[in-house]
1. Scanning the range B:43-83 for residues that are part of a loop (DSSP other than H, G, I, E, B) and within 11 Å of DNA strand C (Cβ to nearest atom), which turns out nearest to the other protein chains (Cβ to nearest Cβ)?
2. Considering every residue within the range A:97-109, establish whether at least one is more than 8 Å from every other protein chain (Cβ to nearest Cβ), closer than 30 Å to A:Thr22 by Cα and in a helix (DSSP H, G or I).
3. Can we say B:Ser133 is surrounded by 14 or more Cβ atoms within 10 Å (Cβ to Cβ), away from DNA strand D (no atom under 16 Å from the Cβ), within 14 Å of chain A (Cβ to nearest Cβ) and among the small types (Gly, Ala, Ser)?
4. If you take the residues of the range A:97-126 that are within 13 Å of DNA strand C (Cβ to nearest atom) and over 15 Å from A:Ser54 (Cβ atoms), which of them is surrounded by the most Cβ atoms within 10 Å (Cβ to Cβ)?
5. Tell me, please, whether a residue that is within 11 Å of DNA strand D (Cβ to nearest atom), of a type in the set (Lys, Arg) and surrounded by fewer than 16 Cβ atoms within 10 Å (Cβ to Cβ) can be found in the range B:59-81.
6. What pairs come up if the first residue lies in the range B:58-87 and is modelled with pLDDT of 95 or more, the second is near DNA strand D (Cβ under 8 Å from one of its atoms) and among the hydroxyl-bearing types (Ser, Thr, Tyr), and their beta carbons are under 9 Å apart, counting only those six or more places apart or on different chains?
7. Looking only at the range B:113-139, which residues are assigned to a helix (DSSP H, G or I) and farther than 20 Å from B:Arg37 by Cβ?
There are 2 protein chains.
Amino acid sequence: MPSVPATATTGGTDATDVGTVTARLRVSATRLARLLRRQGDTGLSPSQLSALTSIENHGPMTLGALAEHERVAPPSITNVVAKLEDKGLVTRSPCASDRRVAHVSTTAAGAALLDEVRQRKDVWLAARLGELSDDERERLAAALDVLDHLTGLDRP
Amino acid sequence: MPSVPATATTGGTDATDVGTVTARLRVSATRLARLLRRQGDTGLSPSQLSALTSIENHGPMTLGALAEHERVAPPSITNVVAKLEDKGLVTRSPCASDRRVAHVSTTAAGAALLDEVRQRKDVWLAARLGELSDDERERLAAALDVLDHLTGLDRP
DNA sequence: TATTGTTATACTCTATAACTATA
DNA sequence: TATAGTTATAGAGTATAACAATA
C-alpha cells in the first residue's frame, strides 16, 4: 500500500503507479547511499568531510559563505576549517582587499583524499554493477538521466 | 573520465559503460538521499532515529543486540533508548526468564512518527516524480527492480 | 556603525572504564 | 566467573553570546 496515492495523471499499472515508484525509489536510494557511505571512511567527521567537499566543488570560499552553505554557525566553521587545516587538507588565504576576510581552498592532499574516497566507492559500486545482467545494466543506464533530472543534476 | 575503467565484459557505448554508470549512479543516489533526508526532520538525533528505525524493522530487541546492530557502544544505547523512552517512542520490557535483560519495542507513537516521516519524504518525492515526463517515469519504473537487486532488497 | 571572524562557554552525543545485578 | 546493562567521566562537535579587527 503506497503512502502517496496515484494521481489521475499517471494511469499506469501498479508497478509504474507514482505512489509505488515513490516508495520504492525512496527506500532503494536511501539504502544505496548508506551502502556507499559505508565504503567511504575518511577519518574525518561528517562536517569536516562535507565542508571539504563543498570547498572543492565551489572553489575558494570565504568562511562566512562556507558556514552558510553548510548551514552551520560561524564558530563551527572556524573549528572545522582549523581541523582541516591541521590535517593539511585546506589552506586559508587572507583577502588582500578586505583584511577581515579569509578564503579557504583545498590543498592537493585534500583533493587527493576526496578523489580516493570516490574511487573506493566506485570500485565497490562497479563490483555490484558487475553482478547484474546485461539487461539490468541497460535498464539502469536508461534511467540515469532521469535520476539526474530528479536531483537537479541536469541543470547545475 | 570515469574513475573505474570499463571491463572487457561490458562492450557498451560510453553511456552504458560500467565506469560511467558507476560514477553517475553514485552521484545521483547520494544526492537523492541527501534531498530526501532534508525532508525528514524528526527532532531526533541521527542515532535516535536510526535506533528507532532498527527497532521497528527488527521487532523487539535486547539492548545488547541493538547496540551491536547500530555499531555503537553499550552505554550509548542505554542513553539513546532512555531518550526515546522519555519521548514515548519506545518501551522497555524486562525479560521474564533472564532479569538482566531488557527488550525494547516501538510504541504506537514511535511507529506513527516513522510513518509520518516516510510520508513527508514520499510527498516530496512524488511531487518531483510528477515533474517528469511519462517516458522518464516509465524508464525509472523499469529500473526499480535493478536498484532493489543492487541494494539487496530483492533478497531480504 | 556594520561586518567578518574568533574566543568563551554550555549542551549534546558517544566512547572507555568501573560498577551492579543476575546467571 | 561471565554476562547485560548502568553509572562515572572524558573528548568531540556544535550552538549562542560576547569580543576583536577591519571596513
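The values are calculated or read from the model by the stated rules, or taken from the named source; none is laboratory data. The structure presented is a predicted model; accordingly, all values stated were derived computationally and were not measured. Counting neighbours? That spans all protein chains shown, and the Cβs are built from the backbone with ideal geometry, glycine included.
1. B:Arg71
2. Within the range A:97-109, not a single residue is more than 8 Å from every other protein chain (Cβ to nearest Cβ), closer than 30 Å to A:Thr22 by Cα and in a helix (DSSP H, G or I).
3. When the stated conditions are applied, B:Ser133 does not pass them.
4. The selected residue is A:Ala102.
5. no
6. Correct list of pairs: B:Leu63/B:Thr78; B:Ala67/B:Thr78.
7. B:Gly130, B:Asp134, B:Asp135, B:Glu136, B:Arg137, B:Glu138, B:Arg139
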